[in-house]
Amino acid sequence: MIIGVLGGGQLARMLALAGLPLGFDFVFYDPAPAPCVASLGEHVRGEYSDRVMLSRFARQVDVITYESENIPLECVEFLSRITPVHPGARALNCSGDRLREKRIFQELGIPAPAFRTVDSLAALNGAIEEIGLPAVLKTRTLGYDGKGQFVLRSRDDVTRAWEMLGGFSLVLESLIAFDREISVLGVRDQAGKILFYPLSENVHHDGVLRFSRSCPRDPMQKPAEELAGKLLRHVDYVGVLALELFQVGPVLLANEMAPRVHNSGHWTIEGAMTSQFENHLRAIAGLPLGKTSVTGHSAMVNFIGRQPDLAGLLALRGLHVHLYGKAERPGRKVGHATLWSGSGASFEEGCRTLRSLL
């Protein structure tokens, strides 16, 4: 089977690394001249609006998936008329626009932070009156890893926030004083079977995920699964979906959904019976899902901007390093490391070492 992937970044790379042992071949569609995934399959270079190139790409492959919710909806809708695309356009439509996403949460009864739409400076001031401060002003589209966001902590921030983001369609969200950030990853196959991975507990810096750890038998597992399950069934989802959540006491509030394999699930490569990447491929290819159970505890740290000294890292017992073949650049994800252990003091010490890299 030939898998087509829209995007050529590290998520596409890890999909390919999971799929090659299964005998899958890959074709990657990406506008970049030399994406980091190019050595693992054929690279078709083209813009997401180029229907001639998209048609050629679609006819080369048996099924198509994507590594980012920022792929234009029109691109996926066009490709779907030629070759099956999983997850489908409906899922992308929900997640590609923060306002649509929040309305889906409301429709399904999924609790989320208070929000208001903003299309003018007057509307921003009115939204602040209703929601209060602190709050986060976000672009409705094309925002990820802290991009397209501005945290307003006082009225003094309003003018600067509007100068930065006022040219976009926006939403203002209440800034939640959460106890912790968690995410749940679910995978649904073409027959509707759903499996979930243990929760991930996450740490972000400047809107970018820096550290995650698996949380087997977490008391919030079942409530998180119930929320994510509503989304998976509502959009007839096929593949891996991540739901990011804020925990406030006993309550879970949805932050956002990601219709793709997710950074907070990188620990599943070594830490689960079947990684999120392999299960995503199994789902879109119509194959049986693999077990999502774990045999111990795992933690993951992202390398942002530069990769640390390998010798020092590899001296840690149970550590696995993944480098993406990307040039170092401030703010760029260039790799990650996963720590696995049966738990205990050595694992906690390893986690402290990983977090010291942040």
Going by how many other beta carbons lie within 10 Å of each one, how would you line up Lys291, Lys333, fewest first? Lys291, Lys333
Given 25 °C and 0.890 mPa s, how large is the Stokes-Einstein diffusion coefficient of segment 180-355 in µm²/s, with Rh as the Kirkwood radius over Cα pairs? 148 µm²/s
Cα Rg over Rh - the chain, Kirkwood: 0.95
Assigning unit charges at the beta carbon (Lys, Arg +1; Asp, Glu -1) and nothing else, what dipole magnitude in debye, to the nearest 20, does the chain show about its Cα centre? 300 debye
In Hz, Karplus ³J(HN,Hα) per residue of segment 317-324 (6.51, -1.76, 1.60; θ = phi - 60°; x = Gly, Pro): 5, x, 8, 10, 9, 10, 9, 9
Across the chain, how many lysine pairs, 8 or more positions apart or on different chains, have C-alpha atoms separated by under 19 Å? Please give the number. 10
For segment 114-174, what does the alpha-carbon gyration tensor say about shape, rounded, prolate or oblate, given a ≥ b ≥ c as the root eigenvalues, a/c under 1.5 as rounded, and a/b over b/c as prolate? rounded
Putting +1 on Lys and Arg Cβ atoms and -1 on Asp and Glu Cβ atoms, find which of Leu73, Gln106, Leu314 reaches farthest to the positive end of the dipole of the chain. Leu314
From the backbone phi of segment 223-230, what are the Karplus-calculated ³J(HN,Hα) couplings (6.51 cos²θ - 1.76 cosθ + 1.60, θ = phi - 60°) in whole Hz, Gly and Pro given as x? x, 5, 4, 4, 5, 5, x, 4
Which of Asp179, Asp50, Asp309 comes first, and how do the rest follow, when ranked by fewest Cβ neighbours within 10 Å? Asp309, Asp179, Asp50
Dipole magnitude of segment 114-174, debye to nearest 20 (Cβ charges: Lys/Arg +1, Asp/Glu -1, about Cα centre): 120 debye
Pairs of alpha-carbon atoms within less than 8 angstrom and 6+ residues apart define the contacts here; what relative contact order does segment 180-355 have, in percent? 21 percent
Give, rounded to the nearest 20 debye, the magnitude of the charge dipole that segment 180-355 has about its Cα centre when Lys and Arg contribute +1 at Cβ and Asp and Glu contribute -1 at Cβ. 200 debye
For segment 121-255, whose charge dipole is built from +1 on Lys and Arg Cβ atoms and -1 on Asp and Glu Cβ atoms, the candidate among Leu152, Gly249, Gly229 with its Cα farthest towards the positive end is Gly229
How many angstrom lie between the Cα centre of segment 168-187 and the Cα centre of segment 235-286? 15 Å
Fewest-first ordering of Tyr66, Tyr29, Tyr48 by Cβ atoms within 10 Å yields Tyr48, Tyr66, Tyr29
Inverse of <1/r> over all distinct C-alpha pairs of segment 2-85, i.e. the Kirkwood Rh in Å, gives 12.4 Å
Per the Kirkwood formula over distinct C-alpha pairs, the hydrodynamic radius of segment 1-142 in angstrom is 17.0 Å
Sequence-separation-based contact order of the chain, relative, with Cα cut under 8 Å and 6+ spacing, percent: 13 percent
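Taken together, the values in this text are just the output of simple stated rules run on the coordinates, not laboratory data. Everything numeric in this text was worked out from a predicted model, so none of it was measured. Every residue, glycine as well, gets a Cβ built from its backbone with ideal geometry; the counts of neighbours run over all protein chains shown.
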